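Asker: Sending over a structure as C-alpha cells; questions will come in a sec.
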Amino acid sequence: MADKSQKWVLTVTAQTPTNIAVIKYWGKRDETLILPVNDSISVTLDPNHLCTTTTVAVSPSFEKDRMWLNGKEISLSGGRYQNCLREIRSRASDVEDEEKGIKIVRKDWEKLHVHIASYNNFPTAAGLASSAAGFACLVFALGKLMNLKEDQGKLSAIARQGSGSACRSLFGGFVKWIMGNDENGSDSIAVQLVDEKHWDDLVIVIAVVSSRQKETSSTTGMRESVKTSLLLQHRAKEVVPKRILQMEEAIRNRDFPSFAQLTCADSNQFHAVCLDSSPPIFYMNDTSNRIISYVEKWNRSEETPQVAYTFDAGPNAVLIARNRKVAAALLQRLLFYFPPHEDTDLNSYVIGDKSILQDAGLKGMKDVEALPPPPEIKDNDPARKYKGDVSYFICTKPGRGPVLLSDKSQALLDPETGLPK
C-alpha cells in the first residue's frame, strides 16, 4: 500500500433505485442473516425519480469508518452495517490507480478505513423502501471501490444482510428474492425475472400520504408477526408459493388482469397479517383505505382491472396503471378526490414524469378544480374531497438496476479530503 503520509483519496459514486414488492416479504426465519420466511417479487422503480446516490471513499489518512446520510453523520456501529463491511472487505481484490500512483493489495483492505455519504431523493423510513435502495447502493459502490469479482447475485446476498429487500434493488425490471434453504443463507439471493423493457407500458403513480417516520419499524413489525400471527404461518407455507408461480407467469405474459388481482390480494393479506399480530400493527391510515376503495370501485366499473395497488409498511399508495392513458385517468381521479390547497404549484405537487399531467389535461389548479366526478360515481353517491390528505404524487415507471456515476459533480464526498461537500 502507498505510504501513510500520502494524502490520496480514492472515490466511487453509484446510484441505485428503490423497489416495491408486488408479492411481499414479511417475516424472517433468521434475524442475523436476514433470511425470509417466503420468496418475494418486486418491481424496480426508475432511478431518475426514486433512488439513492452513494459516494464511498478510502484513504490512509482516514482514522475510522464514517458515514453521512442525507447530510447528517450516523453511526456505523450497528450490526447490519458491520456485516456488509466485513463481507465486502473479505472479498476485496487488488486495486491499482496509475494516475494517482496508488496500489492497494488485498490484505490492506482490512486496515484501511472508508467514508460513505448517501442521499435519498425521497423520504427515509416512510414506507418507500429507502433502506433497500440505501444498502443496495452501499454494497454496490463498495464492491466497485474494492474491486469485488462477485456477480450481482452474490452481491445481493451481502446487501440482504443490511436490509432484506435491498437484495432486489441490485437488478432492474421485475426481481425475485429466492428465500433459499441453506442455514448460512448462501442460496438466499435475488434474480432478475425480466428487465425494465419487458413491460414498459406500465406506469407507477405513488401517492405520498405521509413522509413521517412510521411508529412501528419493519424490523419490529416482522418480529411481532413471526411470533404471534397464525395467518403469517399459513401465508408463508400455503399462499405465497402458489402466488409466486402465478405472478411469474403474469409478468412473463404481461397479463395485467392477473397481475393486478395478485398484487392487490397480496398487499391486502400482508396488512391482514399485520392486524393479526399481537399487538396489531397499523401501517395504513384512512387516506390509504380510501384510495383502495376508489381503485376497487373503478376496477369493478370497467370490464377489466385498470390499476393495481400495493402498500408497503407505511400509508403511501403505490398504484400501477396498465398504460399511460390509464395513468392519466388515474391522476385525474386522485386529484379530484385529494386536491392540493388552492395556492399549490402542480409541478411541485406531481414530481417525476410531469408530462403525465399534460396527458391528463392538467396545466394548473384551475384545471384540477374543474375536474368532473369520475364516471363510476353514481348520482346518489356524494363525491367527498379530502384536500391536502396526499402530500404529493410521484409518477414513475419500471427502471434499471444500479449504475456507476462518472460525473465528478454528482459525488457527495470531496475528492481531496474525503469529507462531505
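The values are calculated or read from the model by the stated rules, or taken from the named source; none is laboratory data. Since this is a predicted model, take the numbers as computed values, not measurements. Methodologically, a virtual Cβ is constructed for each residue, glycine included, from the backbone with ideal geometry; neighbour enumeration extends over all protein chains shown. The protein model used for the area step is the full one, side chains on, heavy atoms only, and it has no ligands, DNA or RNA in it. Shrake-Rupley method; radii C 1.70, N 1.55, O 1.52, S 1.80 Å.
Asker: Gly143 passes all but one of (1) surrounded by fewer than 24 Cβ atoms within 10 Å (Cβ to Cβ); (2) more than 19 Å from the chain's Cα centre (by Cα); which number fails?
Answerer: With respect to (1) surrounded by fewer than 24 Cβ atoms within 10 Å (Cβ to Cβ); (2) more than 19 Å from the chain's Cα centre (by Cα), Gly143 is out only on (1).
Asker: Report whether or not Lys24 is surrounded by 24 or more Cβ atoms within 10 Å (Cβ to Cβ), in contact (Cβ under 8 Å) with a residue 12 or more places away in the chain and basic (Lys, Arg).
Answerer: So Lys24 fits the description; yes.
Asker: Residue under question is Arg106, and the condition is that it be within 24 Å of Thr32 (Cα to Cα), open to solvent by 50 Å² or more (accessible area, probe 1.4 Å) and basic (Lys, Arg); does it hold?
Answerer: Judged against the criteria, Arg106 is not a match.
Asker: Let me ask something else. Does at least one position in region 309-320 carry a residue that is open to solvent by 40 Å² or more (accessible area, probe 1.4 Å) and either closer than 30 Å to Thr13 by Cα or touching an Asp or Glu at 6+ places or on another chain (Cβ under 9 Å) (or both)?
Answerer: No, there is no match, as no residue in region 309-320 is open to solvent by 40 Å² or more (accessible area, probe 1.4 Å) and either closer than 30 Å to Thr13 by Cα or touching an Asp or Glu at 6+ places or on another chain (Cβ under 9 Å) (or both).
Asker: Turning to a different aspect of this structure: Is at least one residue of region 109-117 open to solvent by 40 Å² or more (accessible area, probe 1.4 Å), touching a Ser or Thr at 6+ places or on another chain (Cβ under 9 Å), modelled with pLDDT under 95 and more than 30 Å from Ala21 (Cα to Cα)?
Answerer: Among the residues of region 109-117, at least one is open to solvent by 40 Å² or more (accessible area, probe 1.4 Å), touching a Ser or Thr at 6+ places or on another chain (Cβ under 9 Å), modelled with pLDDT under 95 and more than 30 Å from Ala21 (Cα to Cα), which makes the answer yes.
Asker: Quick check on this structure: which one of Phe256, Phe311 is at pLDDT 95 or above, among the aromatic types (Phe, Trp, Tyr), closer than 26 Å to Tyr386 by Cβ and within 22 Å of the chain's Cα centre (by Cα)?
Answerer: Phe311
Asker: Listed residues Gln233, Gln213; which is under 29 Å from Gly79 (Cβ atoms), open to solvent by 40 Å² or more (accessible area, probe 1.4 Å) and in contact (Cβ under 8 Å) with a residue 60 or more places away in the chain?
Answerer: The match here is Gln213.
Asker: Related question: Would you pick out the residues in region 164-178 that are in contact (Cβ under 8 Å) with a residue 60 or more places away in the chain and surrounded by 24 or more Cβ atoms within 10 Å (Cβ to Cβ)?
Answerer: Matches in region 164-178: Gly164, Ser165, Arg168, Ser169, Leu170, Phe171, Gly172, Phe174, Val175, Trp177.
Asker: Just for region 383-406: of the residues that are part of a loop (DSSP other than H, G, I, E, B) and open to solvent by less than 30 Å² (accessible area, probe 1.4 Å), which one is modelled with the lowest pLDDT?
Answerer: Val390
Asker: Okay, next question. Can you give me the number of residues within region 118-152 that are at pLDDT below 95 and among the small types (Gly, Ala, Ser)?
Answerer: Going through region 118-152 one residue at a time, the tally reaches 9.
Asker: Here's a follow-up. For Glu63, work out the one condition from (1) in a loop (DSSP other than H, G, I, E, B); (2) within 30 Å of Asp407 (Cβ to Cβ); (3) under 28 Å from the mean Cα position of the chain (by Cα); (4) not hydrophobic (A, V, I, L, M, F, W, C) it doesn't fulfil.
Answerer: (3)
Asker: Residues Thr220, Thr263: which one is loosely packed, with under 14 Cβ neighbours inside 10 Å and within 21 Å of the chain's Cα centre (by Cα)?
Answerer: Going through Thr220, Thr263 in turn, just one is loosely packed, with under 14 Cβ neighbours inside 10 Å and within 21 Å of the chain's Cα centre (by Cα): Thr220.
Asker: Looking at (1) more than 16 Å from Ala136 (Cα to Cα); (2) touching a helix residue (DSSP H, G or I) at 6+ places or on another chain (Cβ under 7 Å); (3) buried (at least 19 other Cβ atoms within 10 Å of the Cβ), find the lone condition where Ser59 falls short.
Answerer: (2)
Asker: I would also like to ask the following. Here is a check on your reading of the model: is Gln358 touching a Pro at 6+ places or on another chain (Cβ under 8 Å) and open to solvent by 50 Å² or more (accessible area, probe 1.4 Å)?
Answerer: The answer is no for Gln358.
Asker: Right, another one. Looking at Asn380, Asn347 in this structure, which one is free of Cβ contacts under 8 Å to residues at least 24 places away in the same chain, open to solvent by 10 Å² or more (accessible area, probe 1.4 Å), over 17 Å from Leu202 (Cβ atoms) and outside any loop (DSSP other than H, G, I, E, B)?
Answerer: Asn347
Asker: Okay, moving on. In region 272-299, what residues are of a type in the set (Gly, Ala, Ser) and surrounded by fewer than 19 Cβ atoms within 10 Å (Cβ to Cβ)?
Answerer: Ala272, Ser278, Ser293
Asker: Can Lys149 be described as assigned to a strand (DSSP E or B) and charged (D, E, K, R)?
Answerer: The answer is no for Lys149.
Asker: Which residues, counting only those in region 163-187, are farther than 22 Å from Lys237 by Cβ and more than 14 Å from the chain's Cα centre (by Cα)?
Answerer: Across region 163-187, the qualifying residues are Asn184, Ser186.
Asker: How many residues are in contact (Cβ under 8 Å) with a residue 24 or more places away in the chain, open to solvent by 20 Å² or more (accessible area, probe 1.4 Å) and assigned to a helix (DSSP H, G or I) if we restrict to region 84-100?
Answerer: Going through region 84-100 one residue at a time, the tally reaches 3.
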